1. Among the residues of the stretch 66-74, are any within 25 Å of the chain's Cα centre (by Cα), among the aromatic types (Phe, Trp, Tyr) and buried (at least 16 other Cβ atoms within 10 Å of the Cβ)?
2. Going by what's in this entry, would Val80 be described as in contact with a Gly (Cβ under 8 Å, 6 or more places away or on another chain), under 22 Å from Ile38 (Cβ atoms) and in the same structural domain as Phe45 (by TED's automatic domain parsing)?
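The values are calculated or read from the model by the stated rules, or taken from the named source; none is laboratory data. The structure presented is a predicted model; accordingly, all values stated were derived computationally and were not measured. A quick note on method: Cβ atoms are made from the backbone with ideal geometry, for glycine too, and the neighbour counts reach across all protein chains shown.
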Amino acid sequence: MIMFPVQYIVAVVVLITFFQVIENSSYDSLLLKLVISISFLQGIFVMGFLVYKFITWHLNKKSRIVFLYTMTIGSILVNVAITLFFVNEQLSSFSSYIIPRGNTFVPYVDPFSVLTISYQVSSIISYLLTWIATSILLYNYFKRLGKIKYWTLVSLPLFYFILQFQPLLLESLLDYRLASPITLALSILYFL
C-alpha cells in the first residue's frame with residue numbers, strides 16, 4: 001500500500017526534472033539524488049520485508065533452500081544499501097545544476113576506497129549466493145538432464161558473471177600473453 005504513493009512522488013520529481021530540462025536546458029542534481037534515494041530506500045524497505053518473511057518461513061519450515069534464499073535476499077539487501085551510499089558519493093562530484101556540455105564528465109572512482117570495495121564484494125557475494133541457492137533449487141533436474149548438461153546449463157550464468165573480471169584475468173596472464181599471444185587469443189575465443 002505504501003509503494004504507490006512513493007512511486008507517485010518519484011514520478012512527480014521525474015516530471016519536475018523533465019520540465020526543468022525542457023524549460024532551462026538544465027536540471028537540479030538534487031532532484032536526481034532525490035529520485036535515486038527514494039527508489040533505493042523503497043528497495044531496501046521491500047527487501048527488508050522480504051528478508052523478514054523468509055526468516056519467519058525458515059523458522060516454520062527449517063528448510064535448507066529457504067535458509068539459502070534468506071541469506072541471498074539479505075545479501076542483496078546489504079548490496080542495495082551499499083549501492084545507495086556509493087551512488088550518492090559519486091553524485092556528490094556533480095555540480096548543483098547539470099547543464100549540457102560537449103564533453104562528458106565521468107566522476108573518478110577510487111578503486112581502493114572502502115565504499116568501492118564494499119560495493120564490489122557485496123555484489124559478488126549476493127550473486128554467488130543467488131547462484132548457489134538456484135543451483136540447489138534446480139537440482140531436481142540433475143537426473144532428468146544428466147550430469148554434464150545440468151552443470152553446463154547451471155554454470156553458464158556464473159561463467160557470464162566471471163567475464164566482467166576479464167581485464168583482471170588478462171593482466172595476470174601478461175607473461176603468457178607476451179610469450180604466446182596467438183595461443184592466448186585462441187583460448188579466450190574458445191571459451192567465449
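1. Initial filter on the stretch 66-74 (within 25 Å of the chain's Cα centre (by Cα)): 66-74.
Filter again for among the aromatic types (Phe, Trp, Tyr), leaving 67, 69.
Checking the rest, the ones that are also buried (at least 16 other Cβ atoms within 10 Å of the Cβ) come to 67, 69.
Yes - at least one qualifying residue is present in the stretch 66-74.
2. Numbers: in contact with a Gly (Cβ under 8 Å, 6 or more places away or on another chain): yes; under 22 Å from Ile38 (Cβ atoms): yes; in the same structural domain as Phe45 (by TED's automatic domain parsing): yes.
Against the criterion (in contact with a Gly (Cβ under 8 Å, 6 or more places away or on another chain), under 22 Å from Ile38 (Cβ atoms) and in the same structural domain as Phe45 (by TED's automatic domain parsing)), Val80 qualifies.
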